[in-house]
Amino acid sequence: MKYALRIVGLLAILFAVYVIAGEQLVGSSGNAYVNTRLAAVRAPLEGMLQLSVVPTGGRIAEGEVMGSVATSRDSDSALSWIEQGRLEALAELKALDRLEAVDEAARRLATERLAAYERMLQARRAALVARNVASIRSPVGGVVWSLPVYSGDVIARGDVIANLADCDGLFVHATVDQRIFNELSPGDAAQFRFHDGQVVPVIVTLRAGTGPRTLFDTLAVSPTREQTEGYAVLLEGAGLMANGQCPIGETGRVVFSEGPLGAIGDFIGALGL
């Protein structure tokens, strides 16, 4: 019995060593986090900015109104001659009203002329407002990542008003060594294991490698200096956006091949335990 217990103990130790070694040798990335691309919202025209958007860090829906830009150009040649014609028609009507004997036909024509100018003036002003005021809408649903400008600022056409982190385009940004990188191909299945224990199936979508550096300029979270020294791999999975969450920046580990613990978990799951 004593020898049997020693044998069982030795086997348990060997099994533990096997599991630990196997998990260490499994293809994985120790540096991985949820990332997304930034959508730059630009001014549609030159003018004064009015923002109604939530503050930095707030959630925003696709198509939500973020504010407006109004140009300072309020002069218009057509508006000037319409206004001049309206004043002349008004003066003519007032002059007819002061006469003791007034031709009713002349009064009616003057009234109709004044009304016509007022309708044209109203329509022209509405057209100017539509032309010189533009609404700003969110192109994506996500998080307000930065607001480089403020309400009341005078901005030029094309200036960046806000940067939005796209919550509908989340992906895992992983860094691996050269050996693992060379073994990967787009479409390969993997797992992203959040540090809180959640596991999400993902697939390789881009082997970014060591560049281009300009790729990182478009991302919400920039890699650290240590991460840029490795080989970048981007992976996507629908589970990253589960329950309406937007876990940008949350860290974890990507497992590209299943180790002993994964096989044991699958075996237990198959038994229904």
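Within region 156-171, the residues that satisfy the criterion of being surrounded by 13 or more Cβ atoms within 10 Å (Cβ to Cβ) and either free of Cβ contacts under 8 Å to residues at least 12 places away in the same chain or of a type in the set (A, V, I, L, M) (or both) are V160, I161, A162, L164, A165, L170.
Going by the structure shown, is T56 touching a Ser or Thr at 6+ places or on another chain (Cβ under 8 Å) and closer than 17 Å to A220 by Cβ? Explain how you work it out, then say what you get.
Working: touching a Ser or Thr at 6+ places or on another chain (Cβ under 8 Å): yes; closer than 17 Å to A220 by Cβ: yes.
Judged against the criteria, T56 is a match.
Pairs are defined by a Cβ separation below 8 Å, a sequence spacing of at least 6 or placement on different chains, a first member in region 239-259 that is within 21 Å of G58 (Cα to Cα), and a second member that is among the basic types (K, R) and surrounded by fewer than 17 Cβ atoms within 10 Å (Cβ to Cβ); the pairs so defined are C246/R59.
Among the candidates R125, R179, R108, which residue alone is in a helix (DSSP H, G or I), over 30 Å from E62 (Cβ atoms) and in the same structural domain as Y231 (by TED's automatic domain parsing)?
That would be R179, the only listed residue that is in a helix (DSSP H, G or I), over 30 Å from E62 (Cβ atoms) and in the same structural domain as Y231 (by TED's automatic domain parsing).
Taking the listed residues M66, M48, the one that is in contact with a Lys or Arg (Cβ under 9 Å, 6 or more places away or on another chain) and not in a helix (DSSP H, G or I) is M66, with no other qualifying. Taken together, A189, A174, A220 contain a single residue that is surrounded by 14 or more Cβ atoms within 10 Å (Cβ to Cβ) and under 14 Å from V233 (Cα atoms), which is A174.
The values are calculated or read from the model by the stated rules, or taken from the named source; none is laboratory data. Since the structure is predicted, the reported quantities are computational estimates derived from the model, not experimental observations. Please note: Cβ atoms are built from the backbone with ideal geometry, for glycine as well, and neighbour counts cover all protein chains shown.
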